[in-house]
Every structure is written in C-alpha cells, then in structure tokens.
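As structure tokens, the structure follows; a few thoughts come after it.
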Amino acid sequence: MTNKFKKASIMTITALIGAGALSASVTMVPAFAKSHRAAPVVKLQETGSTLLYPLFQLWVPAYKNVAPNVQITPSGTGSGTGIQQATDGTVQIGASDAYMNNHLIQQNPGMLNIPLAISAQQIMYNLPGVSKNVHLKLTGNILAQIYTGKIRYWNDPQIAKINKGVKLPHAAIVPIHRTDGSGDTFLFTTLLTDTNQAWANSISYNTSVSWPSVSGALGANGNNGVVQTAEQTKYSVAYVGISWLDKGLQGGLGEAMIQNRAGKFLLPNNATISAAANAQVGKTPKNERVSLIYGPGSNSYPIINYEYAIVNEKQSSPTVAAAVKNMLLWAISPTGGNKSTFMTKVHFLPLPKSIAPLSKAQINKIHG
C-alpha cells in the first residue's frame, strides 16, 4: 500500500478543464489536450455490469465536461455480455464485476482487465413480519443450502440458531438468482464455493452456473430485475450489487448481515469494505485479475471485489485508442471519476493508491 504515482510531466490542462483538472497522480497524454482543439467526435460504447452501470451513468455527463468531443453510450447488460462484446470488438469498454479467467485470456490474449474501483454485494430479503430495523444474520454455508434446496424454510434451525430473538415464519424461502451472465453471480457463487464444500464440488463459481432445481426458485435479469422480483415476492432472498442497495431498501427489502471468515456478522459499509480491501489488495498481481471474496480480517466484509473495465489493448484506430485511454485515466483519478461525489452515490470505494499504478500501467498499453 506504499506505492506512489509517478508525477506527470506533460503540458498543463488546467486552463482547459478549470477547477476540475485531473490530479497529477494520473499521467495524461497530450492527445487529451489536443482533443479539445481538434474536437473530432469520437463515439465509445460501454456495456456490461449492471453493478457498474449506475456509476457509468454518473460518469458520462461529468466526462462530457472534460472531453466534449467524446460521446459515451453506456448500457447495463450483465458482466457476461460486457466481456463477450469487448472481446469480439462490438464495444470499446466492457464492464464486469468478474475478471476473465485463464481460459478466456488464453483465447483472447490482448484483453486487459482494469480495476476502476472497489464494490461489494449485499444479500437482501423480503420477510414480512420482520422489522426493517433487524438485520437478519446469514452465512455463506446457509445461503448455499438455501440455493440447493437443503434449507427450505425461514425458521430452519440453522437460521434460527444465529438469529435468536427474531420471530421467523414457517414460510418457504424463494431464492432468486440472475438469469443473465453476471459478475454478481460470480461474486455470490465464489462466496458459496468458499464456504460450502458440496457447492464447491458440484457447482463452483462463474458468471453463469447451472442453478440447482429448487421448488419456487425464480430467475431475474440484471440487478434491477432482481430487486423488482424480490420486492414483488414475499419470503424471497436475493444477491444484489451494492449500487442497488438504496433502491432495494426503498422498496422495503431487508439487508442481511453476512458472516465473514473470522466468524463476525457484518453489513457492507465504508469501514467493513475498506477493512476487507486493506487486508487483500496487496496480493493483486500486475494483470490485476484476482478475487477479493471472503478474505481475512475481523472487520472485513466478505463479499467485495474490483470493478473491471474489460478492454482490448488494440483498438480500431489511434483516435479511438486515445479516447479510451483518456477516459479510463480520468475514471481512476482521485479528482476525476474516483472522486467521493461519485463513489458515495453508489456505495463504492475509490481504487486504492497502491493499485492505481497497476491500472494506469494497463491503460497505457491501449493503442490503435
């Protein structure tokens, strides 16, 4: 956590973007300044993670003030689609909560997995009769048993044992999962794999998995679809990307406290996400493909991970490459896209200072 950014030595761009000028901690290339003079319109497509989508919705209008000639069209289609369309060249930026595995990288050796920020995932439920002031306690092991049908009712002894004093109904649990290729599914199934051996041996983790056949189980597309389905379905439980937390709470859903590796039950917040990140980011390799799920630390929330931009290092032209590079450099800057004004609205944490140079090094590989 002690690495420092190299000081930028290029032309000053403050006069061009005023008080919002990017920090010198992120080196900008001359093409960035030139884009304000020549101003040919460059169109960029971004698609993928519905967890990252709310952040891109905040970034796009803000970046328009920085680079008026760059038109970015974001869409939330699921991390699987983001990875696929970035690799096949349909879009310039794929958004994903999951990194590309070794097999995909071997098939697509020019793809970069670039962390932009740190996110988390919470477990939400629709449980009539349980006060919204009560945060039900759940474990990865219990969730794995719910999603395999071994635990069928909310008042199951395993749930009741860790929720003493909570009146749990004898009602069938309705597990909700993502039907699209999803980084949230990757994060959730990684937790289940790490906490339940039977799940690890039979289903494991991925952006899409073969969900066990459970009576009453429901599927939904995207985080928005999951939240809506949970709101409409009594006695349901679902995994939801943290950028959709506020929407879920506004819709009356409860938020569970999840047991971490140290045995402590926690909610995701700045303190617990930071603790988990601080305990693990040091293991991040140069290619930045790493899982931060279920890490060590008594105050570490167990479901956190990097949010990735999936980008082909070889773009269609030097102009497009420069536009992609500059946008991503702005996105990881502490005075650009990583500002707290953006991060807090989606409950993300900025990219750690020790990791930003790794992301910058990857971004600088992008060429036309």
ASN338 meets each of (1) farther than 30 Å from PRO40 by Cα; (2) part of a loop (DSSP other than H, G, I, E, B); (3) not aliphatic (A, V, I, L, M) with one exception, condition (1)
Screening TYR235, TYR301 for residues that are within 18 Å of the chain's Cα centre (by Cα), of a type outside the set (A, V, I, L, M) and under 28 Å from ASP180 (Cβ atoms) leaves only TYR301
Restricting attention to region 268-298, the residues that are more than 18 Å from the chain's Cα centre (by Cα) and either among the β-branched types (Val, Ile, Thr) or within 24 Å of ASN133 (Cα to Cα) (or both) number exactly 1
Filtering region 215-242 down to residues that are touching a helix residue (DSSP H, G or I) at 6+ places or on another chain (Cβ under 7 Å) and either aromatic (Phe, Trp, Tyr) or assigned to a loop (DSSP other than H, G, I, E, B) (or both) yields TYR239
Within region 306-341, residues closer than 19 Å to GLY48 by Cα and either under 18 Å from the mean Cα position of the chain (by Cα) or free of Cβ contacts under 8 Å to residues at least 60 places away in the same chain (or both) come out as TYR306, GLU307, TYR308, ALA309, ILE310, VAL311, LEU328, ALA331, ILE332, GLY337
Being β-branched (Val, Ile, Thr), at pLDDT below 95, surrounded by fewer than 21 Cβ atoms within 10 Å (Cβ to Cβ) and more than 28 Å from PHE186 (Cβ to Cβ) narrows VAL134, VAL166 down to just VAL134
- Query: Is there a residue being at pLDDT 95 or above, assigned by TED's automatic domain parsing to the domain that holds ASN155, within 21 Å of SER96 (Cβ to Cβ) and within 23 Å of the chain's Cα centre (by Cα) anywhere in region 249-267?
  - Reply: no
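To keep it simple, each residue is scored yes or no on (1) assigned to a strand (DSSP E or B); (2) among the aliphatic types (A, V, I, L, M); (3) touching a helix residue (DSSP H, G or I) at 6+ places or on another chain (Cβ under 9 Å).
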| position | (1), (2), (3) |
| --- | --- |
| ASN287 | no, no, yes |
| SER298 | no, no, yes |
| ILE310 | yes, yes, yes |
| ALA323 | no, yes, yes |
| TRP330 | no, no, yes |
| PRO334 | no, no, yes |
| LYS345 | no, no, yes |
| SER359 | no, no, yes |
Within region 206-225, residues being farther than 13 Å from GLN121 by Cα and either within 21 Å of the chain's Cα centre (by Cα) or among the charged types (D, E, K, R) (or both) number 10
Restricting attention to region 178-205, the residues that are surrounded by fewer than 24 Cβ atoms within 10 Å (Cβ to Cβ) and closer than 18 Å to LEU52 by Cα number exactly 3
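The values are calculated or read from the model by the stated rules, or taken from the named source; none is laboratory data. Values in this document were obtained by computation on a predicted structure and should not be read as measured data. Glycine also receives a Cβ, built like all others from the backbone with ideal geometry; neighbour counts cover every protein chain displayed.
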